[in-house]
1. What does the charge count around B:HIS9 come to, taking other residues whose C-beta lies under 10 Å from its C-beta (Lys +1, Arg +1, Asp -1, Glu -1)?
2. Normalised by the residues of region B:24-99, what does the relative contact order come to in percent, with Cα pairs under 8 Å and at least six apart?
3. Relative contact order, percent, of region A:31-107 when contacts are C-alpha pairs under 8 Å separated by at least 6 residues?
4. Counting other Cβ atoms within 10 Å, keep those with at most 16, restrict to DSSP loop, and tell me which trypsin sites (Lys or Arg not before Pro) in region A:45-121 are left.
5. Which of the cysteines in the protein assembly as shown are isolated, no other cysteine C-beta under 4.7 Å?
6. Could you run the Karplus curve 6.51 cos²θ - 1.76 cosθ + 1.60 with θ = phi - 60° over region A:115-123 and give me ³J(HN,Hα) per residue in whole Hz, x for Gly and Pro?
7. How much length would be gained if the chain were fully extended between B:SER30 and B:ARG82, taking 0.36 nm per residue of separation minus their Cα-Cα distance, in nm to one decimal?
8. Please list A:LYS42, B:LYS55, B:LYS81, B:LYS63 from largest to smallest accessible area, probe radius 1.4 Å, with all protein chains kept in place.
Amino acid sequence: MAYSDKVVDHYNSPRNVGSFKKEEDNVGTGLVGAPECGDVMKLQIKVEDNRIVDAKFKTFGCGSAIASSSLATEWVKGKSIDEALTIKNTDIVEELSLPPVKIHCSVLAEDAIRSAIKDYKDRRTENTAE
Amino acid sequence: MKHDHLSSHSVCLGCNITMATPLFCFSCNSIQRLSTKPNYFEIFDLPYTYNLDIKRLEDNYQKLAAELHPDFYLQSASTEKRQSQESSSLLNRAYTALKCPMSRASYLLELLSHGKPLDERKLPAGFLEDIFELQETLEDLLVDVEDHAEELAAVKSDVEKRLNALQEAVSQLFGNIEKDPSNQKNIVESIQVNLNAERYLQRLLERISRSNQV
């Protein structure tokens, strides 16, 4: 099975690889795994005034998983939290022309975005409660 | 699911004798026509259990494979010819599924949960964080495999230890079902969580062994 040009491009030059300190107040961290293949994906967002100003990822997995998370960081940057929550795995499938066997990689990326946003929100509520 | 460790036995369509396996009658040496899909354990005349007698599995596999091989049915009627192909492939699937502890556990869970889907995502608390850290460690070590041979071996043995611990836990949990069938649903869920975790560790081991081949 051949990867699409876009997958190859993200795989060869992944955008926004790296990490933020997860303790920082305005950082949200999502760590998710794909049971089908044992891939692990970490996606982090940095939020200012309810807007995602920066995003980083690190993924251990196949080319499609790396491309999906790389694309996800590109897409969330500059979006408000609510806008970022509207990103669907099917958008990623379409953009990267993922074949059916690789759809779970895009699901993983959507889960990672959601779980990073949830982590950010949870930690903010904790902080305001203090 | 039966807990008496006895599989139900089929009766030969030719000579009416109770057979050890639904695939073949060793009494009148005839291949059996299968109308329903037999249970993998019944194929090998084994009890429904995780702690399997592997030697018996292998012996019975060899015995059956020798009888069912399509080469012996080249001159037979077309129904028998087809049956030998179907039974041989079923035999191989059953053998592969029962031989490996992980797939054997999955198959047993499938039987125990009556086909109801189990949560394949749930993991022990903190497990994914551990895996991510191990992957990061590996990434650094794999930059120069020869330089880090010792550290790689240490990571490998750590992962193997974790895997063994999980398999040990799975084995105990299956034992618990037999002791306390009323708690079966909860135990099945715990086993599934352990199996989910095993898959990630397996993946790490594959990554390490690939690096050694380079």
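The values are calculated or read from the model by the stated rules, or taken from the named source; none is laboratory data. These figures come from a predicted structure and were not determined experimentally. Positions of Cβ are generated from backbone atoms using ideal geometry, with glycine treated the same way; all protein chains shown enter the neighbour counts. Protein only, heavy atoms only, side chains kept; ligands, DNA and RNA dropped before computing areas. Shrake-Rupley method; radii C 1.70, N 1.55, O 1.52, S 1.80 Å.
1. Counting the neighbours of B:HIS9, the net charge comes to -2.
2. Rounded, it is 36 percent for region B:24-99.
3. Averaging sequence separation for qualifying contacts and normalising by length gives 25 percent for region A:31-107.
4. In loop regions of region A:45-121 (DSSP not H, G, I, E or B), the sparsely surrounded trypsin sites (Lys or Arg not before Pro) are A:LYS88.
5. A:CYS37, A:CYS62, A:CYS105, B:CYS100
6. Whole-Hz 3J(HN,Hα) from phi for region A:115-123: 6, 5, 5, 4, 4, 4, 5, 4, 6.
7. 17.3 nm
8. Ranking A:LYS42, B:LYS55, B:LYS81, B:LYS63 by accessible area, largest first, yields B:LYS55, B:LYS63, B:LYS81, A:LYS42.
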